[in-house]
Amino acid sequence: MDYQVLRKELKNIHNWIFDLDDTLYPPSKELYSQMAERIRTYIMNVLHIDEKTASIVQKDYYKKYGATVHGLMVEHHIQPEDFTDYVHQLDLSPIKENPQLKACLNALRGKKYIFTNGAYHHAERVLDRLKIRECFSGIFSIREAGYVPKPAEQTYLKMMATFNIQPYESIMFDDSPVNILAAKKVGMKTVWISSNTTNNQYCSVDTKDFCDYETPDLTTFLSSLILDKSA
């Protein structure tokens, strides 16, 4: 990648939009396992089914609705806050402070935002764990999306309206190819964080078809943008 060209291409970017989990920090098997187990347990308790069936429901709703919570709302009329409060009671110790990431975020021109399918309070906890909460001007969580998750176009439009931003002045970072494709379709520049091998297995197209840039490491990518402060 020619970083001088990259900096020139992004010189008009004023809004930096970041997914949360597996984007701001490396994919964590420990966190993934915790959350998957809590989702299954919630489904078992609410639907009165066994663990094997709950696992099938979890995967089916995620595939069909983009988020398990949205499927449970549609199919079973659950209160979404009950789900998110329970599922996000996680031990975040696998997430480590990243001073270099913080320095990069502070050096970027413009405003930074979080755009996540997770819960608002979970985003706050993760940002506090990384010690980068003050770097961000706002958080748009599944709650603000009305529990309609990415990659729904209406959710992207609602996020941009909430933060009063224009897509042509914005760039989005996400580990999910489908979320990146949706961002590209609404007019944003896009960066695919490709280190999540779970998501990579669903990527069957060339990266140029759904993203503008690709990197396995967010901090390395951002570092390349601030080497030349005059760019």
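The values are calculated or read from the model by the stated rules, or taken from the named source; none is laboratory data. Here the structure is a predicted model, which is why all the values come from computation and not from measurement. Using ideal geometry, Cβ is built from the backbone for each residue, glycine included, and neighbour counts are taken over all protein chains shown.
Quick notes
- Some residue of the range 187-194 being surrounded by fewer than 16 Cβ atoms within 10 Å (Cβ to Cβ), over 20 Å from Tyr213 (Cα atoms) and of a type outside the set (A, V, I, L, M): no
- Residue match in the range 178-189 (condition: of a type in the set (Gly, Ala, Ser), under 19 Å from His14 (Cβ atoms), in contact with a helix residue (DSSP H, G or I) (Cβ under 7 Å, 6 or more places away or on another chain) and not in a strand (DSSP E or B)): yes
- Annotation: of all residues in the range 153-179 being among the aliphatic types (A, V, I, L, M) and at pLDDT 95 or above, the one that is nearest to Trp192 (Cα to Cα) is Met172.
- Of all the residues in the range 96-135, those that are more than 23 Å from Arg7 (Cα to Cα) and assigned to a helix (DSSP H, G or I) number 13.
- Filtered residues of the range 4-32 (kept if surrounded by 14 or more Cβ atoms within 10 Å (Cβ to Cβ) and among the polar types (S, T, N, Q)): Asn15, Thr23, Ser28
- Residue match in the range 52-60 (condition: in the same structural domain as Gly110 (by TED's automatic domain parsing) and under 23 Å from Thr155 (Cβ atoms)): no
- Which listed residue is over 15 Å from Met35 (Cα atoms), touching a helix residue (DSSP H, G or I) at 6+ places or on another chain (Cβ under 6 Å) and polar (S, T, N, Q), from Gln79, Gln100: Gln100
- For the range 33-47, the set of residues classified as surrounded by 14 or more Cβ atoms within 10 Å (Cβ to Cβ) and either closer than 19 Å to Ile78 by Cβ or assigned by TED's automatic domain parsing to the domain that holds Ile171 (or both) consists of Met35, Ala36, Arg38, Ile39, Arg40, Thr41, Tyr42, Ile43, Met44, Val46, Leu47, listed by residue number.
- Among the residues of the range 48-70, the ones that are more than 18 Å from the chain's Cα centre (by Cα), surrounded by 15 or more Cβ atoms within 10 Å (Cβ to Cβ) and either at pLDDT below 95 or assigned to a helix (DSSP H, G or I) (or both) come to 5 in all.
- Residues of the range 136-177 satisfying the condition of being small (Gly, Ala, Ser) and either farther than 23 Å from Cys104 by Cα or part of a loop (DSSP other than H, G, I, E, B) (or both): Ser137, Ser141, Ala145, Gly146, Ala152, Ala161, Ser176
- Pairs where the first residue, in the range 116-134, is touching a residue at least 12 places away in the same chain (Cβ under 8 Å) and the second is assigned to a helix (DSSP H, G or I) and basic (Lys, Arg), C-beta under 8 Å, 6+ apart: Glu124/Arg133; Leu127/Arg133; Leu130/Lys102; Lys131/Lys102; Ile132/Lys102
- Just one residue in the set Ala145, Ala152, Ala161 is of a type outside the set (Val, Ile, Thr), crowded, with 21+ Cβ neighbours inside 10 Å and either assigned by TED's automatic domain parsing to the domain that holds His77 or on the phi < 0 side of the Ramachandran plot (or both); that residue is Ala145.
- For the range 78-104, the candidate set comprises residues that are within 21 Å of Thr220 (Cβ to Cβ) and either touching a Phe, Trp or Tyr at 6+ places or on another chain (Cβ under 8 Å) or modelled with pLDDT under 95 (or both); within that set, the residue that is surrounded by the fewest Cβ atoms within 10 Å (Cβ to Cβ) is Lys96.
- Across the range 80-129, the qualifying residues are those that are of a type in the set (Asp, Glu) and more than 23 Å from Ala161 (Cα to Cα), and the one among them that is nearest to the chain's Cα centre (by Cα) is Asp128.
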